[in-house]
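K.L.:
Handing you a structure now.
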Amino acid sequence: MRAIQDHPVVIVSGETGSGKTTQLPKMALSLGRGRMNAAAGEKGQLIGHTQPRRIAATSVAKRIAQELDTPPGEVVGYKVRFNDQLGPQASIKLMTDGILLAETQGDPLLKAYDTILSAEAHERSLNSAF
């Protein structure tokens, strides 16, 4: 958590099952990132979390929501092609690399996000390269 707080870019490498995918977004949330930590009346920014495939994005969102004991879409939601379950107050947004890339069309500096987590960076694709 100290590394996330002190540095603009952090690379985390760990064994499969070590919690990178589910614990890092919750750490960012506990550090005050995300909409639910915005001051009253402010919209706040999102914690974006990319996954290479739609099924991974949706299942990870549901898992993190379960761990936070909140309904899917409320604090943790997802947006994938043809499916969007992201409430207006959600702080963590799971999505595919392609969704994040598409968002750069209207938000080239990705100002909607204060934190972006890119999972499975070793799975090279044109979307993740962008």
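All of the numbers you see were taken from the coordinates with simple rules; none came from a lab. The structure displayed is predicted, hence computed values, not measured ones. All Cβ positions, glycine included, derive from the backbone under ideal geometry; neighbour counts span all protein chains shown.
K.L.:
Sort 84-94, 62-72 by packing, meaning the average of other beta carbons within 10 Å per residue, with the highest value first.
P.N.:
Working: 84-94: 20.8, 62-72: 16.2.
Listed from highest to lowest mean packing, they are 84-94, 62-72.
K.L.:
Please work out how many pairs of lysine residues in the chain are eight or more positions apart (or on different chains) and have Cα atoms closer than 22 angstrom.
P.N.:
Within the chain, the lysine pair count is 16.
K.L.:
Right, next: Where is the GNM fluctuation largest for the chain (alpha-carbon springs, 10 angstrom cutoff): Val75, Val12, Val60?
P.N.:
Looking only at Val75, Val12, Val60, the largest GNM fluctuation is found for Val12.
K.L.:
Let me ask you something else. Mind giving me the nanometre distance, one decimal, between the label points for Leu110 and Ile11, set 7 Å out from Cα along Cα→Cβ?
P.N.:
Modelled inter-label distance: 1.6 nm.
K.L.:
Could you give the nm distance between label points at Arg53 and Ala102, where each point is 7 Å from its Cα heading toward the beta carbon?
P.N.:
1.9
K.L.:
Only Lys, Arg, Asp and Glu count, each charged at its Cβ (+1, +1, -1, -1), so figure out the dipole size of the chain about its Cα centre, rounded to 20 debye. Before the final figure, lay out the partial values.
P.N.:
Working: 15 positive and 13 negative charges, 27 e Å.
Dipole magnitude for the chain comes out near 120 debye.
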